[in-house]
Amino acid sequence: MFARLPDAATARVTIVIDGRPCEVWRGDNVAAALLAHGCAAFRITEVAARPRGPYCMMGACFDCLVTVDERANVQACMVQVEEGMRVRTRPHR
């Protein structure tokens, strides 16, 4: 669904996604990094248990909530990746 355009000059950083180290592009937001690593469902809704992932990519919708460095309910599209960052998704109950 999503594909990266080639850019060999962009530096990489390593973050941990759901306990797994992943190399991502410096300057990406967390949502873009998760999508690039095949994670489309970041959480499920509380009431209907429906999968949710990024929708607007600009902080308006709250569908991309994740846990970043032990801070819960962070909008993944609004946070830039940093070296060593730990991201936890909640795709299952």
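Whole-Hz Karplus values for segment 38-52 come out as x, 9, 9, 9, 8, 7, 10, 6, 5, 7, 9, 6, 9, x, 9 Hz, taken residue by residue from phi with 6.51 cos²θ - 1.76 cosθ + 1.60 and θ = phi - 60°; glycine and proline positions read x. Go through (i) 37; (ii) 22; (iii) 18 and flag the label whose value is the computed percent of Cα pairs over 22 Å apart for this structure. Matching entry in (i) 37; (ii) 22; (iii) 18: (ii).
Converting phi to 3J(HN,Hα) with the Karplus coefficients 6.51, -1.76 and 1.60 and the offset θ = phi - 60°, segment 28-37 yields 6, 8, 4, 4, 5, 5, 5, 4, 5, 9 Hz in sequence order, with x at every glycine or proline.
Within the listed set ALA36, ALA60, ALA76, the Gaussian network model of the chain (springs between alpha-carbon atoms below 10 Å) gives the highest mean-square fluctuation for ALA60.
Computed from the coordinates by the stated procedures, all read-outs in this text should not be read as laboratory data. For clarity, every value in this text was computed on a predicted model and none was experimentally measured.
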